[in-house]
1. Below 14 angstrom from the Cβ of Ala333, what's the summed charge of the other residues (Lys, Arg +1; Asp, Glu -1)?
2. On a straight-distance basis, which lysines could pair with Lys348 in a cross-link, Cα separation under 27 angstrom, same-chain partners fewer than 8 positions away excluded?
3. Evaluate the distance, in nm, between pseudo-label points positioned 7 Å from the Cα of Val245 and of Thr363 along their respective Cα→Cβ axes.
4. All other residues with a Cβ under 10 Å from the Cβ of Arg370 taken together, and with Lys, Arg as +1 and Asp, Glu as -1, what is their net charge?
5. For the pairs Lys97/Lys396; Lys72/Lys105; Lys41/Lys230; Lys82/Lys105; Lys41/Lys82, flag any whose C-alpha to C-alpha distance is greater than 30 Å.
6. Which length gain, in nm to one decimal place, applies between Gln352 and Ala390 when the Cα-Cα distance is subtracted from 0.36 nm times their residue separation?
Amino acid sequence: MADWSLLVDWDRNNSFADAYDDITADVTDQITWSLGCRAFKPIADEMELRFTVWNEDRKYSPEYASSPLYGKMLPNVPVQLKFGTEVMWSGVLKNIKPAPLKFGKRRATVVCSGIKWLLDRIQVYTDLYQNVTADVVIRAILLGVVRPPVGTTYWVLGVPGYTELGVTTRLGAITDLMALDEGVEVFEYIGDNIQESAIITTETKMGGYQVISDLVTAERGLFYFNRAGKAVFWNQNKLLDYSAVDVTIDNTADDFKYATPADELVNRVKITCFPRSESATNTEILWSLDGTMPIPAGAVRDIYVNYKTTEGSGRGAKDVQTPAGGDLVYTGAGTLIASVDAGGQQAKITIQNTNAYSECEITTLVLRGRVISSVYPLEVVEEDLPSIKAHGLHSKKFVFKHVNSPAQAKDIAEFMLWHRLYHKKILSGRAESVDLVDQPADESHEQIAYTMGHKILLNDFQLNHSAEYLIVGEQHTLDSKSKELKTRWYLERAGKRLTYSAC
């Protein structure tokens, strides 16, 4: 019979097999963990793992210098929960909070998470992408700013952050880190209007996770990290194609959350899109230096600039030019060479003084390129007037910065409206989640064999409800003593693409 184990890679050497890495025996009370999405939420909340450990010996007191873990109880330490050899949850340590007082509870609460919090904190200025699908940009964001939890044991050739080859590290491919469907929607512009202002504040900045969320919502897909910590992106077809049922819940659920047909009703969808226009030439001023800037002898300076208008608002650009001639003016006997690494809304200007003995001072530095404007948003509405007259207005609103074409916005609105209305027309509600309990006498825990992407048939006699669903998220509570396992699956209605027409 398989056993549960909790492993922490305190030394961050990718082994999970060093002294003190297996903390299973220290665990008391319950272990709870969650991952994946919720119903009608296209991007997952933070995956989380929580448990308590005995702390009589102060091993889990971060300031206790005699603890064998002293100096190691810090964020981002890899953590795994396993059932036998199967990884059930993979993430990182977030915090350990020991209970105080000499004669207190003598326990510590351990909180672990995925990497959503890292993506939320990282302000993203992507490259400018044109005519690409969402998966292209998601891949670039993940490889550019964070390492998915599964990536702690991989070495990937040529990818920054994955090239530190260690003794226990194994050669891997991008597909070991992420499983991304090719998107269906093709976006004409991505990266030119992510940040709303050239002066970034808490209110205007957009983190990496929000950028991914916007892309996935416009695609009508899903994004999450699976049990092994691999990033997963489903395109819109994943939820719409029929496939075989993996397991049937035939009036055996402990409970489930049910939304009635009235709860599901949507009869108007309003989408705000952002049509683009480009300047006729690539000589528009994107940024200019205020004042002067000294460049010491032999020095190299990197300058990060945000494209802005004269009013200070942000904007996008392409065909960015390297400053030369009258756009790079300086004094001094040295020679300055400029190069530019340009993104959709930001550029890195690198200035090198090739003279090892003489300082230069820049008096003029101008960055030019082709301006991409998206300052006039457009609203597209799709509605079912007979439904509005009969049942009142039930509206949903979306803002898609990455959608340029009103025709594309209308197609998305039609899809959202008629897919949501379809189940109302056949008078069917929807189960948002289903609860299962595995009794302590049976430690096989059959429900853990099913995770995100598996299809279930859910039957309930009292509601006269029978429908197929895809599991999109999961939450578990394990009693560390009795081994009773409570499971909640979060669900999305499965079906196929509809042929819709206005009523």
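1. -2
2. Straight-distance partners of Lys348: Lys116, Lys205, Lys308, Lys318, Lys401.
3. If labels sit at Val245 and Thr363, their model points lie 8.1 nm apart.
4. Here the charged neighbours net out to -1.
5. Listed pairs above 30 Å: Lys97/Lys396.
6. 6.7 nm
We did not get these values from a lab; they are worked out from the coordinates using the rules stated. A quick note: this is a predicted structure, and the numbers were derived from the prediction, not measured. So basically every Cβ, Gly included, is an ideal-geometry build from the backbone, and we count neighbours across all protein chains shown.
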